[in-house]
């Protein structure tokens, strides 16, 4: 006969045991996070983790659990709530100034009904038709960059191709002067934690906010045929974005609109160069590029962890209770390597079914720019493999990865273009 009370007591005991344990993120995490995920996975799909700056949080690494959490309304996204919790954790290296908080008040850091309203407004300007219409221009920019590369024996693929392509596209789409790219790219890298410390992030947020306010003012007075002008002047049943909402929205679209695609192209190329048979197969059959892009997203996508969520009340996930007032992340890279969902996990297979990956998130916060990223990557890989069939990594290359939990990207990617 089963003792119901004893069974309940055992479950509670197991939950307490899991909750009391805390995993540590070491300085080597960014070089190979999957070593950590494999170790953590032995003890379940959700863990308490202490980050390098000392802040404790909860991290979900299972695919089913992570996908559900990304769409779980019990995990909140409001920037006000997030900053409140960060301030309570004095050991955190979070940026604390008015500019940073203002930039964070975009739709990715909001809950319904605010999120519903913001997404509805931006979607009216960021349409599938507008993205599809960019194909000829993306193909033209790609060809120009590859023409420039062809005159060299070796290049840094990040600097010569993976970086300038998405930057040029997002500048034209948003109506941001291409001449300003060096400034906003540096602010972006600092903002996402790839480089710099707290002081640098404070300074970058102030400079970025001021730059975007001036850009919005220019578009208000002299609108053009670009996305930013459309956002400034869009109306929906009398509703429109406020000045602060505009600045935060442009920050989100500018940062997410180029940084993720940069690393999708670079990480995917690096994966192909390390798996020569996959490179040759894709070069021989370029019709497989769209499917290969999905595998690149699953295998080593440009976003390592989701942006932060938090609990207002206790939340039970996978048999573990997360108390109220806790920070929660979904490790997208770990979820995409969960052997319970993908039997090949750490193996690149461009012909395998990569559907269901969470590289672009899931639920109401699914990346609004996903169609653009996919289109750019499709064009980039198709033309790159056609123009440089002998592409290979430079001799002695040792990959160094940016130290940021959000963005998964290389510092550089030196390649030889010819045999």
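The values are calculated or read from the model by the stated rules, or taken from the named source; none is laboratory data. All values reported here derive from a predicted model rather than from experimental measurement. Positions of Cβ are generated from backbone atoms using ideal geometry, with glycine treated the same way; all protein chains shown enter the neighbour counts.
The test for being crowded, with 20+ Cβ neighbours inside 10 Å and farther than 19 Å from residue 272 by Cα holds for residue 358. If you go through the range 70-81 one residue at a time, do you hit one that is over 24 Å from residue 245 (Cβ atoms), touching a strand residue (DSSP E or B) at 6+ places or on another chain (Cβ under 6 Å) and assigned to a strand (DSSP E or B)? Checked against the condition, which is being over 24 Å from residue 245 (Cβ atoms), touching a strand residue (DSSP E or B) at 6+ places or on another chain (Cβ under 6 Å) and assigned to a strand (DSSP E or B), the range 70-81 yields no hits at all.
Table: residues versus (1) in contact (Cβ under 8 Å) with a residue 40 or more places away in the chain; (2) under 21 Å from the mean Cα position of the chain (by Cα); (3) at negative phi; (4) assigned to a strand (DSSP E or B).
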site: 316; (1), (2), (3), (4): no, no, yes, yes
site: 321; (1), (2), (3), (4): yes, no, yes, yes
site: 345; (1), (2), (3), (4): no, yes, no, no
site: 349; (1), (2), (3), (4): yes, no, yes, no
site: 355; (1), (2), (3), (4): yes, yes, yes, no
site: 377; (1), (2), (3), (4): yes, yes, yes, no
site: 385; (1), (2), (3), (4): yes, no, yes, no
site: 390; (1), (2), (3), (4): no, no, yes, no
site: 398; (1), (2), (3), (4): no, no, yes, no
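Inspection of the range 327-339 identifies at least one residue that is closer than 30 Å to residue 87 by Cα and assigned to a loop (DSSP other than H, G, I, E, B).
Considering only residues that are in a strand (DSSP E or B) and surrounded by fewer than 18 Cβ atoms within 10 Å (Cβ to Cβ), which ones fall in the range 29-55? 48, 50, listed by residue number.
Just name the residue that is surrounded by the most Cβ atoms within 10 Å (Cβ to Cβ) out of those in the range 365-394 that are modelled with pLDDT of 95 or more and out of contact with any helix residue (DSSP H, G or I) (no Cβ under 8 Å at 6 or more places or on another chain). Selected residue: 394. Selection over the range 400-419 of residues that are without any contact (Cβ under 8 Å) to a residue 40 or more places away in the chain and surrounded by 20 or more Cβ atoms within 10 Å (Cβ to Cβ) gives a count of 0.
Applying the set (1) modelled with pLDDT of 90 or more; (2) surrounded by fewer than 22 Cβ atoms within 10 Å (Cβ to Cβ) to residue 261 leaves exactly one unmet item: (2). Picking from 139, 154, which residue would you name as being touching a helix residue (DSSP H, G or I) at 6+ places or on another chain (Cβ under 7 Å) and over 26 Å from residue 320 (Cβ atoms)? On inspection, the qualifying residue turns out to be 139.
Check whether at least one residue in the range 295-302 is surrounded by 24 or more Cβ atoms within 10 Å (Cβ to Cβ), closer than 28 Å to residue 48 by Cα and touching a strand residue (DSSP E or B) at 6+ places or on another chain (Cβ under 6 Å), and report yes or no. Among the residues of the range 295-302, not one is surrounded by 24 or more Cβ atoms within 10 Å (Cβ to Cβ), closer than 28 Å to residue 48 by Cα and touching a strand residue (DSSP E or B) at 6+ places or on another chain (Cβ under 6 Å), which makes the answer no.
Is at least one residue of the range 311-326 within 21 Å of residue 401 (Cα to Cα) and out of contact with any strand residue (DSSP E or B) (no Cβ under 9 Å at 6 or more places or on another chain)? For the range 311-326, residues within 21 Å of residue 401 (Cα to Cα) and out of contact with any strand residue (DSSP E or B) (no Cβ under 9 Å at 6 or more places or on another chain): absent. Checked against (1) surrounded by fewer than 22 Cβ atoms within 10 Å (Cβ to Cβ); (2) without any contact (Cβ under 8 Å) to a residue 24 or more places away in the chain; (3) within 29 Å of residue 119 (Cα to Cα), residue 284 passes all but a single condition, namely (3).
A count restricted to the range 131-188 and to residues that are free of Cβ contacts under 8 Å to residues at least 12 places away in the same chain and over 19 Å from residue 377 (Cα atoms) stands at 5. When residue 103 is tested against (1) in contact (Cβ under 8 Å) with a residue 12 or more places away in the chain; (2) out of contact with any strand residue (DSSP E or B) (no Cβ under 9 Å at 6 or more places or on another chain); (3) surrounded by fewer than 17 Cβ atoms within 10 Å (Cβ to Cβ), just one condition goes unmet, and that condition is (3).
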